[in-house]
Amino acid sequence: MPGPRSAVRLRQALRWSRRIIACTVSLCALVGVVRLVAPATAGTNGEPPGVQRQLTFLRAALDDGAGDEAQQLFPEGYFFLHALYGLTWVEIGMREPAGERAEALREARWALERLASPAGRAPFSADLVPSYGVFYRGWSNWLRGGVLSLQPAADRDPAELRRFADDSTALGAAFDASASKTPYLAAYPGQAWPVDSTVAMASLRLHDKLLPPRFAGTADRWLRGVRERLDPRTGLLPHRVDAATGAPAEVARATSQSMIQRFLVDIDPAFAREQYLRFRDRYVVAPLGLGPAVREYPKGTDGPADVDSGPLPLGVSLSASVVTAGAAQVHGDAPLAEGLTNFSELLGVPVGTPWTKRYAFGLMPIGDAFLAWSKTARPWVTDTPSPPPASISWWWRLPLLSVLVVLGAAPWVRALVRRYRGRRDEVAYDRKPDQAAEPKSS
């Protein structure tokens, strides 16, 4: 049997263990409070905190093969991870003076080169019109236009200008040729998603901002075709369409809507405002009264999860919630953008060092890329619209703050109760002699 000294040491060890656990729990709760209330975005002009450290982590991950790993998760993984990395650097460069954009320009060009590599083109068919399909050509053209936007007009690389003009011409010709049948070009043989054509059309608008305008008529015809083929259940662009006719084939879903709302503002701000408010009304929710989040399917409708949406706890898509933060920001909806980003900071378990920052312990770099891209969102063609009516207030944080306060205080309740009882007993004991000395009443 352990001796008296061993028992004392054991009790001391247990006491210190409980204190360490209590301090850890309280510290985690405090960190959660800070992440929930600290500014996480900087609007369309300032640089959001932590994004450059995220980009440092992402570049190291890409150099270690994160693009190939992402390709194993979904068909455009390699392409998307590099595209988002390059686009975020463009966003960072746009916030810097013209003479201080060298790093942003270098990294965006590096990403663009990876998109043009055999690995970047591998999932796509060269037989489509335009070649490799609208997904590949649209995102590549948008990033190439972003690279040109970082350079003063007089200093733009002639080869980059020619490539941007040629690719824009190919996209414009494909849209014009299909306008009588469908506004949506194919991303894969026999398959079309409106979000891909939205990105491509935004790149043509960007062309007309950077170079002599050519595609106003193409954009007008595209918008007419889009308005004629809206999802009848939501009034939004559908998630998937019949590739031959553009007729809606699947209800509007948040994984594509969150991106559509990000790009549509650069095509037609007035139509974009209508679509954004409709989307926000039907998809933004507060499950269990906790925080703003985005449903994958419209309110009152449920459907299956897939590789794009990820798991759907309570119908919420975490990926769509992250991307919607960027859509809200380009529409000037600061309360929703800040709310969704703060929620991501709380649930994403970010781990930071003086040099890097990663979410979910860096296990899913594609998630880091989407969040960095969303934090830096801004319109590239139009000015930021006037803010829409707010849909949430600062007080949405109150239930979560209450939970965090309770969690932080819970480990100390027992000790506080014991201390209170000890003091009460001590006071009672101190009063007993005085009471005994008092004479009895006659």
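Work out, in µm²/s and without decimals, the Stokes-Einstein translational diffusion coefficient of the range 114-161 at 10 °C, 1.306 mPa s, Rh from Kirkwood over C-alpha pairs.
Stokes-Einstein gives a translational diffusion coefficient of 134 µm²/s.
For R214 and D127, what is the calculated FRET efficiency with R₀ set at 22 Å and r taken between the beta-carbons, to the nearest 0.05?
The formula returns an efficiency of 0.25 here.
Please name which of H82, A61, W110 has its Cα lying farthest along the dipole of the range 1-121 towards the positive end, using unit charges on Cβ (Lys, Arg +1; Asp, Glu -1) and the Cα centre as origin.
Highest projection toward the positive end goes to A61.
For the chain, with the dipole built from +1 on Lys and Arg beta-carbon atoms and -1 on Asp and Glu ones, taken about the Cα centre, which of P49, V330, G352 lies farthest toward the positive end?
The Cα lying farthest towards the positive end belongs to G352.
Taking Cα pairs under 8 Å and at least six residues apart, what relative contact order does the range 102-228 come out at, in percent?
28
Tell me, rounded to the nearest percent, the portion of alpha carbon pairs in the range 115-225 spaced more than 25 Å apart.
Considering the range 115-225, 18 percent of its Cα-Cα pairs are separated by more than 25 Å.
Using 1/(1 + (r/R0)^6) with R0 = 25 angstrom and r between the beta carbons of V31 and V285, what's the FRET efficiency to the nearest 0.05?
0.45
Using the Cα gyration tensor of the range 309-409, with a ≥ b ≥ c the square roots of its eigenvalues, what is the shape: rounded (a/c below 1.5), prolate (a/b larger than b/c) or oblate (neither)?
Oblate shape, in that a/c is at least 1.5 and b/c is the bigger or equal ratio.
Taking the Cβ-Cβ separation of T245 and N45 as r and a Förster radius of 51 Å, what is the calculated FRET efficiency to the nearest 0.05?
Efficiency, from the Cβ-Cβ distance: 0.75.
Once the piece of chain linking A165 and F74 is laid out straight, how much longer is it, given 0.36 nm per residue of separation minus the C-alpha distance between them?
29.7 nm
Kindly put L398, L404, L290 in sequence by how many other C-beta atoms sit within 10 Å of each C-beta, fewest to most.
Going from least to most buried by this count: L398, L290, L404.
Run the paramagnetic zone check for D306: 7 angstrom along Cα to Cβ, then residues of the range 119-155 with backbone nitrogen under 18 Å.
Inside the label zone: 123-125, 134-136.
Please rank T24, T218, T88, T234, fewest neighbouring Cβ atoms within 10 Å first, as an exposure proxy.
Placing the least packed residue first, the sequence is T24, T218, T234, T88.
How do F135, F215 line up, fewest other C-beta atoms within 10 Å first?
Starting with the residue having the fewest Cβ neighbours, the order is F215, F135.
Working from the pairwise distances between different alpha carbons, so that the mean of 1/r is found and then inverted, what is the range 25-166's Kirkwood radius in Å?
16.8
Under unit Cβ charges (Lys, Arg +1; Asp, Glu -1), what dipole magnitude, rounded to 20 debye, does the range 38-408 have relative to its Cα centre?
520
What translational diffusion coefficient, to the nearest whole µm²/s, does the range 38-408 have by Stokes-Einstein, given a Kirkwood radius computed over alpha-carbon pairs, a temperature of 20 °C and 1.002 mPa s viscosity?
Calculated translational D: 104 µm²/s.
Please state the relative contact order of the chain as a whole percent: Cα pairs under 8 Å, 6+ residues apart?
Relative contact order, the chain: 19 percent.
No lab work stands behind these numbers, since they all come straight from the coordinates. Being a predicted model, the structure only gives us computed values, none of them experimental. With ideal geometry, Cβ positions are generated from the backbone for all residues, glycine too; neighbour counts draw on all protein chains shown.
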